[in-house]
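Remarks on the structure that follows.
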Amino acid sequence: MGGREANVVLLDENGIRSDGRKVNETRKVTIKAGVLKNASGSAYIEFGGNKILAGVFGPRDVHPKHMSNPDTGILRVRYHMEPFSVGERKKPAPSRREIEISKVIKEALEPAVMLEKFPRTAVDVYLEILQADGGTRCAALDAASVALADAGIPMRDLVCACASGKAADTLILDVNNEEDQAGQADMPIGYMPNLGKITLLQLDGVLTADEYKKCIELGLEGCKQVYEIQKNALREKYFSSGDKD
Amino acid sequence: MANLSIIDKLKRSKILDLLQEGKRIDDRALDEPRPLVIDTGVIPHANGSARVRLGDTEIVSGIKVQPDRPFPDMGDKGIFMCTAEILPLAHPSAETGPPQPDVIELARVVDRGIRESGMIDLSQFVLEKDKSVIGLFADSVVTDHDGNLFDACSYAAVAAIITSKIPKWEMKDDIPVLIENQESDAPITTIPISVTMGRIGEFIIVDPNIDEWGCLDARITITTNSDGNIVALQKGGSDGFTLEQLVKCSELSITIGKKIREIVKQATEGGK
């Protein structure tokens, strides 16, 4: 955040990035659905060096009661980083950054979840960042979608997410921690492919109007790749042979 | 949309009916922001200040400049920090107590737009590398809430920063000492302008007022710099946008941002 140093080589002369990827390549993503015993639904994602656990409870009674809505269910999201998840110990209490990210992830998921089917209840999504390596909000959103589906909560679509950005004057897919720190722009995107709707979008950094459009399009390609991995994670749990449905 | 009261639902249908005829509830065009009035230098005790009215939304921003320790990883740069608060007198729904997520988001979106644009050349704020730097704090308070606090707070903070005077300190025995009567203009590199747009149904409206704000499907705040490049962006609200809508929003943010930047420039020239 803020400190954009240019002393790391983010893109070599062959167009290869600091971690060996091409410009339009995501990091390795693996998702496993149903990893917790007590939660209604859960998922574990490894997105490059990010390791994130998602747990969903509900629909269940709302506490405190005044938060309940007679017309619809409510969605509550907590994004939380463990003290040991980053280089320097992070204080365990939720920071302002975590509160904001919780809010944007909640708003990215709301269009997908059919909360109106469960009036007066709450669906709670807990996202625990065990290890952070750049792009945690996208990876957490990916895991949250799978955990919600695993909980059997009716959804219009899975929300898939991936960041795009700009480093060394080049648009890149799936910005890693190094590129976020030293690059020129980071744009996390959340997307519902079947509905063609972008439900999470933020940007830090400078882009021209033309780069802005291309950056979204590049990010959506990454989202679609993650979407397939999300569906496979659910297939593997519920159709254990892994066959296509 | 969750959490709508009956009144909000009736308002939404009224607002949507009007939009279908190309009209808005306060007679503005869809791409027309509310009138913007900026007064600078309103708080003499602050190093810079502005009172902004965007329609009936009113904000007061004050700048305080003081020596501080640098962030550990940024010893060669000064500190910049932006906060925002909705005062309890601003709206019947505003409460005292710890900030709610929407207020935290407000402060962070205003901060991000200014920070990412590189508006202030923080490298000029170093007194002694890694030891002592100048911090510039832009605190904005909402005194009257009539919707779209993002843009109103952002314009107020930006106008206050442009007109702020930076006192001079020198290091003596490892302590920064204030040199009286040697103030300089703030080192400004660009003027970031945010434009917030809402989507109701298929319609994109610029600068939603509080009635419209209550029934938006989704909103987006796009900040552009003086070169017309996009420097920060935040989507909010419980629904999404299509790619086409997002491209339209970026175009709106550039053209409207340009007009608003002229208003900010004019308002801040007198205060300098």
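Please treat every number below as a calculation from the coordinates, not as lab data. Note that the coordinates shown come from a computational prediction; the quantities given were computed from them, not determined experimentally. Here Cβ is always computed from backbone atoms with ideal geometry, including for glycine, and neighbour counts include all displayed protein chains.
Of the Cα atoms belonging to chain B, the radius of gyration and Dmax stand at 19.7, 70 Å.
Compactness ratio for the range B:129-228: Cα radius of gyration over 2.2 N^0.38 Å (N = residue count) comes to 1.52.
Would you mind checking A:LYS28/A:LYS213; A:LYS231/B:LYS11; A:LYS224/B:LYS23; B:LYS165/B:LYS235; B:LYS77/B:LYS172; B:LYS77/B:LYS265 for any pair whose Cα atoms are more than 29 angstrom apart?
Working: A:LYS28/A:LYS213 25 Å; A:LYS231/B:LYS11 40 Å; A:LYS224/B:LYS23 38 Å; B:LYS165/B:LYS235 34 Å; B:LYS77/B:LYS172 20 Å; B:LYS77/B:LYS265 26 Å.
Listed pairs above 29 Å: A:LYS231/B:LYS11; A:LYS224/B:LYS23; B:LYS165/B:LYS235.
When only alpha carbons of the protein assembly as shown are considered, Rg and Dmax amount to 23.1, 78 Å.
The packing ranking, built from the mean of other Cβ atoms within 10 Å per residue, places the peptides A:39-48, B:91-100 in the order A:39-48, B:91-100, highest first. Assuming charge only on the beta carbon of Lys and Arg (+1) and of Asp and Glu (-1), the dipole of the range B:56-118 about its Cα centre is about 280 debye to the nearest 20.
For the residues of A:203-211, the average number of beta carbons from a partner chain within 10 Å of their own beta carbon is 6.
Straight Cα distances below 18 angstrom link A:LYS90 to the lysines A:LYS51, with same-chain residues fewer than 8 positions distant left out. Here B:MET119, B:MET74 are placed in order of increasing Cβ neighbour count within 10 Å, fewest first, which gives B:MET74, B:MET119. Under the criterion of Cα pairs below 8 Å and six or more residues apart, the relative contact order for the range B:106-214 equals 31 percent. In this simple spin-label model, placing a label point 7 Å from the Cα along the Cα-to-Cβ direction at both B:SER184 and B:ASP144 gives a separation of 3.9 nm.
Positive-end ranking of A:ALA147, B:ILE204, B:PRO176 along the dipole of the protein assembly as shown, with charges on Cβ about the Cα centre, is headed by A:ALA147.
Ordered by the count of other Cβ atoms within 10 Å of each Cβ, fewest first, A:ASP157, A:ASP19, B:ASP73 give B:ASP73, A:ASP19, A:ASP157.
Other chains' Cβ within 10 Å of B:236-246 residues: what's the mean?
Values: counts 7, 4, 9, 5, 16, 6, 4, 8, 1, 2, 6.
Partner Cβ neighbours, averaged per residue: 6.
Quick one: divide the alpha-carbon radius of gyration of the range A:18-172 by 2.2 N^0.38 Å and tell me what you get. Expressed relative to 2.2 N^0.38 Å, the Cα Rg reads 1.09.
May I ask you to compute the full-extension gain from B:GLU269 to B:ASP27, defined as 0.36 nm times their residue separation minus their alpha-carbon distance, rounded to one decimal in nm?
Numbers: separation 242, 0.36 × 242 = 87.12 nm, distance 3.13 nm.
Value of the extension gain: 84.0 nm.
Please give the FRET efficiency for B:GLU202 paired with A:VAL8, using the beta carbon to beta carbon distance and R0 = 35 Å, rounded to the nearest 0.05. Please report the intermediate quantities before stating the final value.
Working: r = 44 Å, r/R0 = 1.27.
For B:GLU202 and A:VAL8, the calculated efficiency is 0.20.
Would you mind counting up the charge near A:VAL125? Only other residues with Cβ under 9 Å from its Cβ, with Lys and Arg at +1 and Asp and Glu at -1. Local net charge: +2.
Please report, in cubic angstrom per residue, the volume enclosed by the convex hull of the alpha-carbon atoms of the range B:5-144.
Details: hull volume 21.7 nm³, N = 140.
With only Cα atoms used, the range B:5-144 gives 155 Å³ per residue.
Neighbouring Cβ atoms within 10 Å as the yardstick, rank A:VAL86, B:VAL195 fewest first.
Working: A:VAL86 15, B:VAL195 28.
By the 10 Å Cβ count, ascending, the order reads A:VAL86, B:VAL195.
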